[in-house]
Each structure stands twice: as C-alpha cells, then as structure tokens.
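Quick notes on the structure that follows.
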Amino acid sequence: AQTVTQSQPEMSVQEAETVTLSCTYDTSESDYYLFWYKQPPSRQMILVIRQEAYKQQNATENRFSVNFQKAAKSFSLKISDSQLGDAAMYFCAYYSMNRDDKIIFGKGTRLHILP
Amino acid sequence: DSGVTQTPKHLITATGQRVTLRCSPRSGDLSVYWYQQSLDQGLQFLIQYYNGEERAKGNILERFSAQQFPDLHSELNLSSLELGDSALYFCASSSGGQETQYFGPGTRLLVL
C-alpha cells in the first residue's frame, strides 16, 4: 500500500531564511502525482505545489520549489525567503489514478516562522 | 477561494444525533471527495463520488453515508454520533481524471 512519511513533526525557521521540509513515500506505481498542501490556522487546505512523476524537472511556484528524487522516492519542499504568512501545517500528499482516485496524506509538518 | 463551498461552517450537536454536511464542488468538477481531519491529525479519506456514482471508499464508518446529486452537490450524513466523531470534515473536488483536488473551507463538527 502507498504510504507518505513526513519525518519532521515541527520545524522553525527565521524570517527571510530558507527551510526544507522532507517527505518520502512508498509506491510500486510509476505514474503518480505528488503535492504539498498548506494548512494555516484558518484550517483551509491550500494547494502549494504539485509534481508529476513523469516530469524530471522540479516544480517551482514563486518562493516554493521541490526537490523530487523519483528513485529515492523523496519529495522535499523548499521555502525561500520565509515569511510570517508561511507559518502553517504542511502536508505532503500522493495521488495515483490507478489507485482508487484518492489522495494519501502524510501526517504533516508544523512550520513556525521566527520574526 | 478554491471555489468549493461547504455548509455549515460549524456544527455543534449531541451524541446519538444525526447531521448532514453539504458540499458544492467547483463549477465543472464532477468528482467530490470527503475527508475527515481529527485534532492534530492528518486527513483521512472517507469516500469519493464521480458524476453521481460512488467511485472509491476509504475509512468510512457504517454510521456515515454520502451521496452526490444530479446537480453534483454532495451530502455527507453522519448518524449515531459519538464524541470521537468531532473533527473537521473537508470536501474537495476535481474535474475527474484531473488529479488536483481543491478543498473547501471545511465543516467543524463538535459532538458533546
């Protein structure tokens, strides 16, 4: 069964610094998608970035970028120039259309931004 | 704003009661997903509907049921409520065959 593991329950970073959140996953599929969702205190789930497994190029969205290592089944999120508004719970998620069409979420990493 | 709406935003009820949560997907999206997030927990997939038909089932209790109507809105029915059912219930939608799911703001259920 597919699993998603986020090994860092909590992290802190100084404002304007760079932080990397880790995520590993386990799958036997070759075609799938990976996501990072952000959940701020409002509890809204916000899509941050997505990566198609067939693409070798790492996805980037403004200050957010990923390091996708398919062979290692690793999908880390890098946040550059951290801002106070980045403080949130971040969930790594896996999706395969071959498997019940559902997203599998990791347990999340709570990110604190220090002013 | 994701375009997915959920009502009500908050719900407080007593054990043993039954409640209905409602979700309207983004315009044009055919798939609706329901997730449960308990306090300080990740999201647990409950059930998915695609164009009115149940497509996938996750960790959904027998006391819970859902349906998707012809206008594509969906309802999640929770019955014989227990204290442990207190959680944030999310609805998400996608266009079906499109892997990205967009989440609604959630319904906070408190069972007393």
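The values are calculated or read from the model by the stated rules, or taken from the named source; none is laboratory data. Not measured: the values here are computed from a predicted model. Every residue, glycine as well, gets a Cβ built from its backbone with ideal geometry; the counts of neighbours run over all protein chains shown.
A few points about this structure:
- Tally, over the range A:39-98, of residues that are touching a helix residue (DSSP H, G or I) at 6+ places or on another chain (Cβ under 9 Å) and either hydroxyl-bearing (Ser, Thr, Tyr) or within 22 Å of residue B:106 (Cβ to Cβ) (or both): 1
- When the range B:97-112 is filtered for residues that are in contact (Cβ under 8 Å) with a residue 12 or more places away in the chain, of a type outside the set (Val, Ile, Thr) and surrounded by 16 or more Cβ atoms within 10 Å (Cβ to Cβ), the ones remaining, listed by number, are B:101, B:102, B:103, B:104, B:105, B:106, B:108, B:109.
- Restricting attention to the range A:80-98, the residues being in contact with a Leu (Cβ under 7 Å, 6 or more places away or on another chain) and of a type in the set (Asp, Glu) number 1.
- Condition met for residue B:65 (under 29 Å from residue A:48 (Cα atoms) and at pLDDT 95 or above): no
- Here residue B:55 passes the criteria (1) of a type in the set (D, E, K, R); (2) within 8 Å of another protein chain (Cβ to nearest Cβ); (3) within 10 Å of the chain's Cα centre (by Cα) except the one numbered (3).
- Only one entry in B:94, B:74 is surrounded by 13 or more Cβ atoms within 10 Å (Cβ to Cβ) and at pLDDT 95 or above, namely B:74.
- Tally of residues being surrounded by fewer than 17 Cβ atoms within 10 Å (Cβ to Cβ) and on the phi < 0 side of the Ramachandran plot across the range A:66-86: 11
- Residue check, residue B:43 of a type in the set (A, V, I, L, M, F, W, C) and facing chain A (nearest Cβ under 10 Å): yes
- Among the residues making up the range A:26-39, those that are of a type in the set (Ser, Thr, Tyr) and not in a loop (DSSP other than H, G, I, E, B) are A:33, A:37.
- Evaluation of residue B:82 against (1) of a type in the set (Asp, Glu); (2) loosely packed, with under 14 Cβ neighbours inside 10 Å; (3) within 14 Å of another protein chain (Cβ to nearest Cβ) (one fails), failing number: (3)
- Tabulated pairs, the range A:39-57, first among the charged types (D, E, K, R), second at pLDDT below 90, C-beta under 7 angstrom, 6+ apart or interchain: A:50/B:100
- Listed conditions (1) assigned to a strand (DSSP E or B); (2) away from every other protein chain (no Cβ under 14 Å); (3) polar (S, T, N, Q) are all met by residue B:6, apart from (2).
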